[in-house]
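The values are calculated or read from the model by the stated rules, or taken from the named source; none is laboratory data. Just so it is clear, the structure is predicted and the values come from calculations on it, not from any experiment. Every residue, glycine as well, gets a Cβ built from its backbone with ideal geometry; the counts of neighbours run over all protein chains shown. Areas reflect the complete protein model, heavy atoms only, side chains present, ligands, DNA and RNA absent. Shrake-Rupley method; radii C 1.70, N 1.55, O 1.52, S 1.80 Å.
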Amino acid sequence: MNKPRVSPVREYDIIIVGSGAGLDILDMAVEHGHTVALIDRGPIGGTCLNVGCIPSKMLIFPADRIMEIRESAKLGIDTAIPAIDFKAIMNRMRHLVNSDSAKIEKYLKESKALDFYHGEAEFIDDFTLAVGDETIKGKQIYLVSGSRPLIPPIPGLDTVEYLTNETLLDLEEVPKSMVVLGGGYIGVEYAHFFEAMGTDVTIIEMRSRLLPNEEPEVSAYLQMALSRRMTVQTECTAESVEKAPGGGVIIHTGHSRTGMKAEIRAQRLLMATGRRSNADLLKVSRSGIAIAKNGYIKVNSRLETNVKGIYALGDAIGREMFTHTAHAEAEIAGANGIHGQHLRMDFTASPHAVFTHPQIASVGLLEEQAAQKFKIKVGRADYGDIALGSAMMQDEGFAKIIMEARNNRILGCHIIGPWASVLIQEVINAMARRGTMDDIAAGIHIHPALSELIVKALFNAAEAE
Ligand SMILES: Cc1cc2nc3c(=O)[nH]c(=O)nc-3n(C[C@H](O)[C@H](O)[C@H](O)COP(=O)(O)OP(=O)(O)OC[C@H]3O[C@@H](n4cnc5c(N)ncnc54)[C@H](O)[C@@H]3O)c2cc1C
Ligand SMILES: NC(=O)c1ccc[n+]([C@@H]2O[C@H](COP(=O)([O-])OP(=O)(O)OC[C@H]3O[C@@H](n4cnc5c(N)ncnc54)[C@H](O)[C@@H]3O)[C@@H](O)[C@H]2O)c1
């Protein structure tokens, strides 16, 4: 009788799970001369490259151009969009994603500086992981295992076909109609994309506003702007789902305040209802690592778990779930684990942008949060208040800045309108240094440029009582 093959345990200085921000740790570990193993079940390169930021923004860029063309009528430019080549837009996105992912995979497979394990890892013991038939042990472990779509248990959902941020990337034809369930980041970005492509979109959001974690005025303006292009239903929950006779889906909804019931029929249903941790796949409990109630891995401010020598970062810890934050966390975790430093992760100036239309960017505290902690001054400037905004006939959109009243320290900034993700950068830089209004206003701002929006909001805040 053949004995089951038991491969010897291979030992490494460092094991990394995840090839998203995990690659940053890999670089540090290799540079430091450690023996390293990197594990990923694929697709290689993580969420951002394969099913997140990169494909979504490659799709949204043409959607933004469509909006520019539509909006140019107000400037006196007569335009039309005779056709949109959806297939070409999707193919361009898939080509870049696949080729970048393949390059990373080739490097991981061919590099002599590391061992790459292509498979799903799970803990079998402290510091010991199984990947397929292999068993590996690390002196230090970095869990950069990310998150995946959270699909709520809606009756009937298992009987219909639905899309997620992953499967929508395989679409070959533009859907005629789509219900986007969830008005969070993914929901409002893809609602913008599909409407621009010609889909009849309905967003269903159970909370009282879109992007419930943004500044309420930002949500309100976004809802107004998107409602001109699509149906937006807030305080609305999908109670059940069924196949529509002849194709598509029927979503039965209930309004949480009025109790009103309705049904919406659409060719496609996109689930954009949040994310869940991948920690369950890793079976981290077998190594004694503490997990929060929501399934994310618990870490201290040095990004170390309760098990000394095991670090976690990125979406795996469920804090600010953005690529740039994951990279910033990798710097901290790597410096602590690999270089023996004692750095703490500071989320005070951790920003984000939402690439819907109009674009949104945000850093720091919301007005309500700031008011609970400090005596504050708030300033707002509209795009229409500055010269370039007027030239653009940008009569909507604004920047809002929140400062500590006693010293003008910047506590938060929220922008909705063109180039919000770029405009906010100087505020982020100032906040990262715990800066005040002077750290921004001291520099001469070019006239007439959109950056004057920030200066105007700052001065309005300074003058506020
Ligand atoms: C549609 C969408 C759009 C987004 N847009 C933006 C944006 O514009 N800007 C932005 O900053 N952020 C954006 N994000 C968020 C961003 O993608 C994530 O925050 C980021 O990718 C997290 O990186 P990570 O390295 O922590 O995890 P991931 O990139 O998810 O990497 C985790 C890796 O671990 C692997 N893995 C997990 N479990 C195991 C296991 N048990 N064994 C082996 N391998 C495993 C996975 O295969 C994966 O490759 C977006 C997300 C989505 C879904
Ligand atoms: N531009 C960016 O940086 C960007 C873009 C996309 C995603 N992301 C990242 O991905 C994460 C996930 O995005 P997401 O949009 O899936 O999650 P999310 O948590 O931002 O939004 C999910 C929304 O769905 C709603 N919802 C949940 N269940 C529902 C139901 N049954 N009926 C109606 N509404 C329901 C929630 O109230 C919530 O508003 C974000 O937190 C962000 O970190 C970032």
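Figures for the structure shown
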read-out	value
Test: residue in region 235-243 that is among the β-branched types (V, I, T), modelled with pLDDT of 95 or more, more than 14 Å from ligand 2 (Cβ to nearest atom) and farther than 15 Å from T356 by Cα	no
Cross-chain or 6+ apart pairs with Cβ under 7 Å, region 31-42 first and over 13 Å from G334 (Cα atoms), then open to solvent by 70 Å² or more (accessible area, probe 1.4 Å)	D40/H118; R41/E120; G42/H118
Candidate set: region 33-55, residues that are open to solvent by 30 Å² or more (accessible area, probe 1.4 Å) and over 22 Å from T128 (Cβ atoms); chosen: the one farthest from the chain's Cα centre (by Cα)	G33
Tally of residues being within 16 Å of ligand 2 (Cβ to nearest atom) and assigned to a loop (DSSP other than H, G, I, E, B) across region 300-344	6
Counted residues, region 400-459 - those being of a type in the set (D, E) and outside any helix (DSSP H, G or I)	1
Any hit, region 320-333, residues being under 16 Å from the mean Cα position of the chain (by Cα), open to solvent by 10 Å² or more (accessible area, probe 1.4 Å) and of a type in the set (S, T, N, Q)	yes
Within region 184-212, considering residues that are within 14 Å of ligand 1 (Cβ to nearest atom) and part of a loop (DSSP other than H, G, I, E, B), the one most open to solvent (accessible area, probe 1.4 Å)	G184
In region 142-178, residue nearest to Y12 (Cα to Cα) [restricted to those that are open to solvent by less than 20 Å² (accessible area, probe 1.4 Å) and within 10 Å of ligand 2 (Cβ to nearest atom)]	S147
Residue list for region 72-86, filter: among the small types (G, A, S) and open to solvent by 60 Å² or more (accessible area, probe 1.4 Å)	A73, G76, A80, A83
Scope region 154-183; condition away from ligand 1 (no atom under 16 Å from the Cβ) and assigned to a loop (DSSP other than H, G, I, E, B); matching residues	I154, P155, G156, V160, E161, E172, E173, V174, P175, K176
Pair list, Cβ < 7 Å and 6+ apart or interchain, from region 278-303 residues that are farther than 16 Å from E320 by Cβ to residues that are among the basic types (K, R)	N278/R148; A290/K298; I291/K298; G295/R276; R302/R344
Qualifying residue in region 209-222 (condition: farther than 17 Å from I360 by Cβ and more than 18 Å from the chain's Cα centre (by Cα))	no
Flag if T237 is buried (at least 19 other Cβ atoms within 10 Å of the Cβ) and among the β-branched types (V, I, T)	no
All strands (runs of 3 or more DSSP E) inside region 351-394 with 2 or more residues being touching a residue at least 12 places away in the same chain (Cβ under 8 Å), under 16 Å from L458 (Cα atoms) and open to solvent by 40 Å² or more (accessible area, probe 1.4 Å)	376-382
